[in-house]
Structures are given as C-alpha cells and as structure tokens.
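The values are calculated or read from the model by the stated rules, or taken from the named source; none is laboratory data. Keep in mind the model is a prediction, meaning the values are calculated, not measured. Neighbour counts are summed over all protein chains in view; Cβ atoms, including those assigned to glycine, are modelled from backbone coordinates with ideal geometry. Only protein heavy atoms, including side chains, enter the accessible area calculation; ligands, DNA and RNA are left aside. Shrake-Rupley method; radii C 1.70, N 1.55, O 1.52, S 1.80 Å.
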Amino acid sequence: MPIATIAGREVSLNDEGFMTDPAQWTEEIATFLAGQIGIDPLTDEHWKVIRFLRSDYTEQGETATLRRVSTLAGVDTKALYTLFPGKPARKMAYVAGLPKPKGCV
Amino acid sequence: MKRLLVLGAGTAGTVVVNKLRPRLDPAEWHITVVDQDACHHYQAGYLFIPFGIYRRRDVERPRRDFIPAGVEMILGQIEEIDPERQRVALAGGRHLDYDYLVIATGTRPVPAQTPGYDGDAVGDSIHQFYTADGAVALYERLKSWEGGRMVVNIMEFPFKCPVAPLEFTFLADWWFREHGRRDKVELVFATPMSEVFTKPVAASHLTGVLEAKEIRVETDLYVERIDADAGALVAYDGRELPYDLLVTVPVNMGAEVVARAGLGDELNHVPVDKGTFLSTRYPNIFALGDAAALPTSKAGSVAHFSVEVFADNFPRYVEGLEMLERFDGHANCFIESGFGKGLLIDFNYDTEPLPGKYPLPGIGPFSLLQETVTNHWGKMMFRWVYWNLLLRGREIPLPAEMSMYGKER
C-alpha cells in the first residue's frame, strides 16, 4: 500500500489514491487532495459538505451517498455536481479522506 | 400476556410469524401481523410478466393462506408508530399496543421522486415492472411496440432485487430475437454506478454477458429528471440519453409511516444492527427484510436468511439473554439471462459473488456466475418453493450462513 507525505504528514493511500485511514486526515490534506483533482480553492460550500461527510462517517461507519448528503446536509444534488464536477460521490469522499461510497448491492 | 406486533405480511413478515409461533408459548405470547391489503405478491415473478411467461394470477395469493393458526392477522392501514408509548395506530382509530415490534413494511418504487415521471407518458413511453400493474402494462406495450431504442435505467441505489434490471434487459434481448424484432431494437442499460454491478468479479462476468448480447452500457448516469416530451433522461452531469421506450427502476423508499415515526434514514429504511436487526434507537424494535437499512441486497433471499437468524435470537433476547447468532449478509439470486438459461450468485457482507458450485461444493446442481440451463430451472421452480415452503417457514436445505466451500477465488 503506497504511503505518501501530504502537507507534512504521512498518509496511506490505496491504488486509486483514496486515503485508507480516515484518522490521518487533516484540513490541510483536504486542500491538497482537492487541488489534485482541480478543485481550488475549497469554498465554504465545499467545507459544509466535507464536514458533513466526516461527521456522518464517524456516526455511521460508511461514506454518505449523494442522496444522503442532499437530504441531510442541505446541499442539493445539482449543487454537489457543481462543487465536485463529474463524479461528485467519489470526489467528495476523496477530498474528505474517506472510502468511496459502496453504493449498496 | 406479552404482545409481539409485526408490521407487514410480505416475505419477511410472513416468514417471521411462521418461524416464531412455534417458538413462543401461546399462553404467554400474543402475535399479531398487520398488512394494508389482502394479497401477497411473489415479487420475484414480476420480471416474467412483461414477456408473457407469468401472468398476474401466478404471482398473487391471499395473504391469509400463509398466516399460521394462533397468529392474529389484521387488514388495515398503518397510520402511526409511536415508539415511546409502544403503540401503533391504524386508520379508523384502532390502536395496537406492543411489547416488541417488528417492522417489515418493505420498500417500494416512488416515481414521484423523479421530476418528469408523470403525465400521459407514464404507461406509454415510460414503464416499470416493480408492481403487478406496471408489469402487466409493460406486457401490453411490448406486444405492439414497433422497435427503436429501449433504455433500461436505475434511478437510485439501493433498490430491491438488484439483479432484476439486468435480467429484464437479458430477457428483452431474448424476447425480441424470438419475435424476429431484435434488429429493430437498440438496447441500452444505464446505471448511476461506474460498473454494471456493485461487486467486481460479478460485474466483469455480467459485462461479458451484456457485450455478447449486444447491449450498450451507460455508466455513471445519475438521473436528475425525465424529459418526457423530448423522450430523454437528463442526468445531473448534463448528459442526455434519448429513448423511445423507457423501462425504469424508480427510486425505492421505505414506508412513509417509518419516516413519520422518525425511525428511517434518508430513504425511510430503518437503521439496525446488521447482525441482529435490532433498531439502533429502541431496544424493543427490530426491522427485517427490505424495510431494514442493511449493507446487502434488498431481496427475498436476504429476508429469508435474516429471519432464520432472528427467529433463533428473539426467544433468547426476550429472556434477557445475549443474541448468539449474527447475520452475515447472506444473499443469493438467480439471474435469468434468456434462451432458457440463467446465472446464480451467492454472497454476503464480506465475500463478493464468486464462481463455483452451489449448494453442494463441486456438485451443484447450480453453477455460480455461469449461464446454465439448470440455473434457469432453479429459478422457475423457485416459485413453487416460495409458496409452499419458504413463506410457511418450512425447512429449505440452504443454510442461512454463507459457505466458502464450492467457491473459487
């Protein structure tokens, strides 16, 4: 498993570049990861989503789906596609240092 | 007298009362099950109706025929669940008090969640097969459809019977070939996921089957709305997918009454412990079957296996003992693939569907992740098993816990 140094910290990543240990995450790392996928700067709206994802993951043990974010975080799906263009579910998880959502069977 | 109240007499609710009645002393336990209508649906059979293989009468039976003696069955609309007062209100003012509650109200298609899924186009160019009425309407439509582009799409995850849209697409390919119309039909399978199935090994097998059948796949298509006038799905990322005939899997949601009671998640499914089905909020409420928010398939096989675990645990739990059994997420599904063949998948929370033989290692008779005639007959015979054994809680020689024997990594 690759280990990278991001924002002065060692973080473990999987083959796709997703962080594998949510506990290693910091806000500085989020800013760096966002830049990696062309999201710069992170606005307040981005942070609202990222903070929801982090706290929801702590409670649920799973990464929230788009529908869960749009229902519970007050940022609608259309806005999520604007904030994290293309594949928002993956991109949000990537920046928040969480596993990509499973999208239940 | 202690009172166990079961909401919903579908697969999970019916099997649970059949399994628990013999295990709970009739002198101590009163068991009641409530459902809003009198008809039990073999939902796995809806798939075959659009192609004229099953008719409505093949998938419907009176619910009461499957409720054992010693269980009270009430027909009525469930208006309110009050977990604090341990009471359920029915339409018309009747109240049912409970000591323990099992929520088995399932999940259902909710077309209204998708803007544009309304008006005259519904039943004309927009169809679904997740209700008996919808499946029959699609049967009528296919009979006279001249051809064009048929799009089969999934609106949202999770939804019940996750292999059904693939099966529908396979069967449509077969059916159009049988009727000499395949050259006039373009088949497109569209999903919000990045793969055709959520598990990698099965996804690659199924992608091969789709390619062989000349079915185009559109991935990452998360639909914002239907533009029925233009005849197109409009995705959040701006893509438009035109159709002549749309066969969709609408957004699935649990019962409204679950949401009103504050017991549901964002799709009204009940968060529970995934090993025991105990509500994460109330120590006397369980949720079983599709109603529960579990990280495995919403499917009859899961309802069946999970009720077996629950029925072993519940008599211990009510005596204050630890629940010893833990559900592993076991699911298995036949995947009908047309031309008298089918595939079979068997998996759980931790193990994805793998190739091999089932249920007897090396022997089968069923083959995992392979198209065989035997798998097809297994699926066709399953309707008999469902009505005569499974619903009545009788023994079926398939263990609740998944086995790695017979599987190939």
List, in the order given, every pair from A:Lys100/B:Lys407; A:Lys87/B:Lys274; B:Lys341/B:Lys379; B:Lys184/B:Lys341 whose Cα-Cα distance in the structure shown is over 21 Å. A:Lys100/B:Lys407; A:Lys87/B:Lys274; B:Lys184/B:Lys341
Could you tell me the ratio Rg/Rh of chain B? Both radii from Cα atoms, Rh via Kirkwood. 0.97
Amide H within-cut-off set for B:Ile335, under 5 Å, with H built and near neighbours excluded: B:Leu343, B:Leu344, B:Ile345
Taking the Cα centre of chain A as the origin and placing charges on Cβ (Lys, Arg +1; Asp, Glu -1), which of A:Ile3, A:Ala79, A:Gly97 is farthest toward the positive end of the dipole? A:Ala79
Could I get the Rg over Rh figure for region B:116-175? Both from C-alpha atoms, Rh via Kirkwood, rounded to two places. 0.94
Can you pull the percent of chain A's accessible area that's carbon plus sulfur, 1.4 Å probe, other chains left in place? 50 percent
Could you derive backbone 3J(HN,Hα) for region B:203-211 from the dihedral phi with the Karplus parameters 6.51, -1.76 and 1.60 (θ = phi - 60°), listing whole Hz in sequence and x where the residue is Gly or Pro? 4, 6, 4, 6, 4, x, 5, 4, 4
Counting sequence-distant residues (5 or more places) and residues on other chains, those with an amide H built under 5 Å from that of B:Met253 are B:Arg108, B:Val110
Here the residues of region A:65-79 whose accessible area is at least 40 Å² smaller with all protein chains than in the chain alone (probe 1.4 Å) are A:Arg67, A:Arg68, A:Thr77, A:Lys78
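Please work out the ratio of the alpha-carbon Rg of region B:154-203 to 2.2 N^0.38 Å and round it to two decimals.
1.30
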Measure of exposure for B:Arg64: accessible area at 1.4 Å probe, Å² rounded to 10, is 140 Å²
If you take the square roots of the eigenvalues of the alpha-carbon gyration tensor of region B:1-88 and sort them as a ≥ b ≥ c, do you get rounded (a/c under 1.5), prolate (a/b over b/c) or oblate? prolate
GluC sites (Glu not before Pro) within region A:6-105, DSSP loop, no more than 16 other Cβ atoms inside 10 Å: A:Glu16, A:Glu62
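With a 1.4 Å probe on protein heavy atoms only, work out how much accessible surface B and A bury together, total over both chains, in Å² to the nearest 100.
1600 Å²
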I'd like the Karplus ³J(HN,Hα) series for region B:395-401: coefficients 6.51, -1.76, 1.60, θ = phi - 60°, whole numbers in Hz, and an x wherever there's a Gly or Pro. 5, 10, x, 10, x, 5, 8
What do you reckon, how do B:Met1, B:Met380 stack up by accessible area (1.4 Å probe), largest on top? B:Met1, B:Met380
Placed amide H near B:Met193: partners under 5 Å, 5+ positions off or other chain: B:Asp220, B:Leu221
In the neighborhood of B:Ala235, defined by Cβ-to-Cβ distances under 13 Å, what is the net charge if each Lys or Arg adds +1 and each Asp or Glu adds -1? -3
With every protein chain in place, the accessible area of B:Ser279 for a 1.4 Å probe, in Å² rounded to the nearest 10, comes to 10 Å²
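Under a point-charge model restricted to the Cβ atoms of Lys and Arg (+1) and Asp and Glu (-1), what is the dipole moment magnitude of the protein assembly as shown relative to its Cα centre, in debye to the nearest 20? Kindly include the intermediate steps, with their values, before the conclusion.
Working: 54 positive and 69 negative charges, 239 e Å.
Computed about the Cα centre, the dipole is about 1140 debye.
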When the charge dipole of chain B is computed with +1 at the Cβ of Lys and Arg and -1 at the Cβ of Asp and Glu, the Cα pointing farthest to the positive end, of B:Phe170, B:Phe51, B:Trp145, is that of B:Phe51
B:Arg383-A:Ser55 FRET efficiency (beta carbon distance; Förster radius 45 Å; 0.05 resolution): 0.45
Using a probe radius of 1.4 Å on heavy atoms only, what accessible surface per residue do you get for region B:347-394? Whole Å² is fine. 47 Å²
So for the protein assembly as shown: antiparallel DSSP bridges make up what percent, rounded to the nearest 5? 50 percent
Along the Cα-to-C-beta direction of B:Ile53, a point sits 7 Å from the Cα; which residues of region B:333-349 have their amide N less than 15 Å from that point? B:333-345
Solvent exposure, largest accessible area first (probe 1.4 Å, DNA, RNA and ligands not counted), of B:Thr32, B:Thr105: B:Thr105, B:Thr32
Region B:331-390, dipole about Cα centre (Lys/Arg Cβ +1, Asp/Glu Cβ -1), debye to the nearest 20: 260 debye
Tell me, what is a quarter of the convex hull surface for the C-alpha atoms of region B:261-374, in nm² with one decimal? 8.6 nm²
In degrees between 0 and 90, to the nearest 10, how far off the longest principal axis of chain A does helix A:27-36 point, with axes built from Cα atoms? 80 degrees
Are there trypsin sites (Lys or Arg not before Pro) in region A:71-105 that DSSP marks as loop and that have at most 16 other Cβ atoms within 10 Å, and which are they? A:Lys102
Compute the accessible area per residue over region B:294-341, keeping the other protein chains in place, probe 1.4 Å, unit Å². 33 Å²
P(r) histogram, all alpha-carbon pairs of chain A included - 5 Å bins from 0, percent: 2, 13, 26, 26, 20, 9, 3, 0
Per the helix-only model, chain B has a calculated mean residue ellipticity at 222 nm (DSSP H runs of ≥4, -39500 (n - 2.57) each, divided over all residues, rounded to the nearest 500) of -7000 deg cm²/dmol
Computed magnitude of the charge dipole of region A:3-96 (debye, nearest 20; Cβ of K, R +1, Cβ of D, E -1): 340 debye
Column: log10 I(q)/I(0), Debye, Cα scatterers of the protein assembly as shown, q = 0.08 Å⁻¹: -0.53
Per-residue ³J(HN,Hα) for region B:64-71, Karplus 6.51 cos²θ - 1.76 cosθ + 1.60, θ = phi - 60°, Hz, x for Gly and Pro: 4, 4, 10, 9, x, 4, x, 10
Using only DSSP helix segments of four residues or longer, with each worth -39500 (n - 2.57), what per-residue ellipticity at 222 nm results for chain A after dividing by its residue count and rounding to 500? -14000 deg cm²/dmol
What does the charge count near B:Gly340 come to, summing +1 for each Lys or Arg and -1 for each Asp or Glu among other residues with Cβ under 14 Å from its Cβ? -2
On the protein heavy atoms, probe 1.4 angstrom, tell me the percent of accessible surface of chain B carried by carbon and sulfur. 49 percent
